[in-house]
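See below for the structure under consideration.
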Amino acid sequence: MKTLKLALAGAWHVHTRIFMPMVKKALGEAVDWVSVYDRDAARGKEAAKLLSCPFVSSYQEILDNPEIDLIVIEAETCDHKEMILQAAKARKNVFCEKILAITTDDALEIKRAIEESGIKFGVSHEALTVAPYMYTKKLLDEGVFGDFVSMHFRRAHGMAKKTLNDEWFSRKIAGGGDLIDLGIHGASMLAFLGGKPKRVSAFTHNFTGHETEDSATILVEFENGGIGTAHTDMVTSIMENNFELVGTDGMITVTGTDRSNVTSLQSTHIPSTGSEMCVIPAEQYSNDCLTPIVHFIREVMLSDSGRRSVPGLDIDTAVTVVRLVEAAYESAATGTSVAF
């Protein structure tokens, strides 16, 4: 099998140092990092050292390199659009850090370029590759919960009080604060599980004095009649997640982070759980919490399936997430519900 050649474009996002080394660790000889580019040369050289590959001084060098099969974009959010458009023009496959873009118009322009070029594309909606959430989607699609009624997702940590610099809260660079960064985990869960949104409301707050919000809650009414909420903040004392989905015939809850998740289930369609919530052993749904990039490379880039993306990491979900966030910011600013 041909080794998949990767290039990293930008090392701005905190996930760069967490997830990028995992690619080689998970996939071994199937992949190889060829080069790294970053507009901040010092940051780029540090990332190149981490991935044991050369630093190049221009993005064009990556675009012009016929050896490269996949460009991984971890650059500033404000740079995503132009970098993806250039990659699509060069017929380079792309995997991009969340959020796809700052505005819906930009997201739709990216979508057109991807579809016209025919490239393979994925976006790093991290929550959607967590095993119990993938299990939830499977059961929901199978009708185990009946009709969708509601869902709630919370993800929180305290990094606004500690390690994140001002760029993470810059409207110009990041597009906003907590809502457009950590809030994408919840927004992507709403888009993936709830159906087509109808109306969006949101509330934000700033506890730490940054330029933009460090706490946000989104409320979504879906066309199917269901309701979804997602809360995120960067001011708590520990990293912690909580998820609940309720249907007419059952419900599921997931508490914890990554491999510490505890999943409980009740459904009238499963006799052993028909009358009360039961803890589901991790072995039943696989506790292999893949990172999005590893999932994308395995299922798309190294597969003979012919697929150009995977559910939840695809361009349509990415555009929906951008629109949810844009509508949420409009709602928070105006104090009104916003039509999707």
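Filtering the range 260-272 to residues that are under 13 Å from G247 (Cβ atoms) and of a type in the set (V, I, T) leaves T268, I270.
Output yes when any residue across the range 158-171 is crowded, with 24+ Cβ neighbours inside 10 Å, closer than 23 Å to T336 by Cβ and touching a strand residue (DSSP E or B) at 6+ places or on another chain (Cβ under 9 Å), and no when none is. So far as the range 158-171 goes, no, none of its residues is crowded, with 24+ Cβ neighbours inside 10 Å, closer than 23 Å to T336 by Cβ and touching a strand residue (DSSP E or B) at 6+ places or on another chain (Cβ under 9 Å).
Please verify whether the range 157-177 includes one or more residues that are among the acidic types (D, E) and at pLDDT 95 or above. Taking every residue of the range 157-177 in turn, none turns out to be among the acidic types (D, E) and at pLDDT 95 or above. The set of residues in the range 1-52 being surrounded by fewer than 16 Cβ atoms within 10 Å (Cβ to Cβ) and more than 22 Å from N165 (Cα to Cα) consists of M1, K2, T3, P21, M22, K25, G28, E29, K49, S52.
Rundown of residues vs (1) in contact with a strand residue (DSSP E or B) (Cβ under 7 Å, 6 or more places away or on another chain); (2) surrounded by 18 or more Cβ atoms within 10 Å (Cβ to Cβ); (3) on the phi > 0 side of the Ramachandran plot, yes/no style:
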{"residue": "T204", "(1), (2), (3)": "yes, yes, no"}
{"residue": "T217", "(1), (2), (3)": "yes, yes, no"}
{"residue": "V220", "(1), (2), (3)": "yes, yes, no"}
{"residue": "G226", "(1), (2), (3)": "yes, yes, no"}
{"residue": "S237", "(1), (2), (3)": "no, no, no"}
{"residue": "N242", "(1), (2), (3)": "yes, no, no"}
{"residue": "V246", "(1), (2), (3)": "yes, yes, no"}
{"residue": "D249", "(1), (2), (3)": "yes, no, no"}
{"residue": "G256", "(1), (2), (3)": "yes, no, yes"}
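Only residues that are under 21 Å from the mean Cα position of the chain (by Cα) and more than 18 Å from S303 (Cβ to Cβ) were counted across the range 26-35, and they come to 0. Looking only at residues in the range 215-231 that are farther than 19 Å from P132 by Cα and among the polar types (S, T, N, Q), the one that is farthest from the chain's Cα centre (by Cα) is N224. Enumerate the pairs (first residue in the range 85-110 and in contact (Cβ under 8 Å) with a residue 60 or more places away in the chain and of a type in the set (D, E, K, R); second residue anywhere and assigned to a loop (DSSP other than H, G, I, E, B) and crowded, with 21+ Cβ neighbours inside 10 Å) with beta-carbon separation below 8 Å, excluding pairs fewer than 6 apart on the same chain, so at least 6 apart or on different chains. These pairs meet every condition: E97/H13; E97/E74; E97/A75; K98/H125.
Checking S309, S275 one by one, the residue that is over 26 Å from G175 (Cβ atoms) and polar (S, T, N, Q) is S275 and no other.
The single condition among (1) surrounded by fewer than 20 Cβ atoms within 10 Å (Cβ to Cβ); (2) touching a Phe, Trp or Tyr at 6+ places or on another chain (Cβ under 7 Å); (3) under 30 Å from E223 (Cβ atoms) that T291 does not meet is (3).
Restricted to the range 245-340, the set of helices (runs of 4 or more DSSP H) holding at least 3 residues that are within 20 Å of I73 (Cα to Cα) and under 17 Å from the mean Cα position of the chain (by Cα) comprises 292-296, 315-334.
For the range 137-153, indicate whether the set of residues that are closer than 28 Å to E61 by Cα and either of a type in the set (S, T, N, Q) or surrounded by fewer than 20 Cβ atoms within 10 Å (Cβ to Cβ) (or both) is non-empty.
Checked against the condition, which is being closer than 28 Å to E61 by Cα and either of a type in the set (S, T, N, Q) or surrounded by fewer than 20 Cβ atoms within 10 Å (Cβ to Cβ) (or both), the range 137-153 yields no hits at all.
I need the full set of residues from the range 36-64 which are touching a Lys or Arg at 6+ places or on another chain (Cβ under 7 Å) and farther than 26 Å from R298 by Cβ, in order please. If the condition is that a residue be touching a Lys or Arg at 6+ places or on another chain (Cβ under 7 Å) and farther than 26 Å from R298 by Cβ, then F55 is the only one that fits.
The values are calculated or read from the model by the stated rules, or taken from the named source; none is laboratory data. Given the structure is predicted, the values throughout are model-derived calculations rather than measurements. Neighbour counts are summed over all protein chains in view; Cβ atoms, including those assigned to glycine, are modelled from backbone coordinates with ideal geometry.
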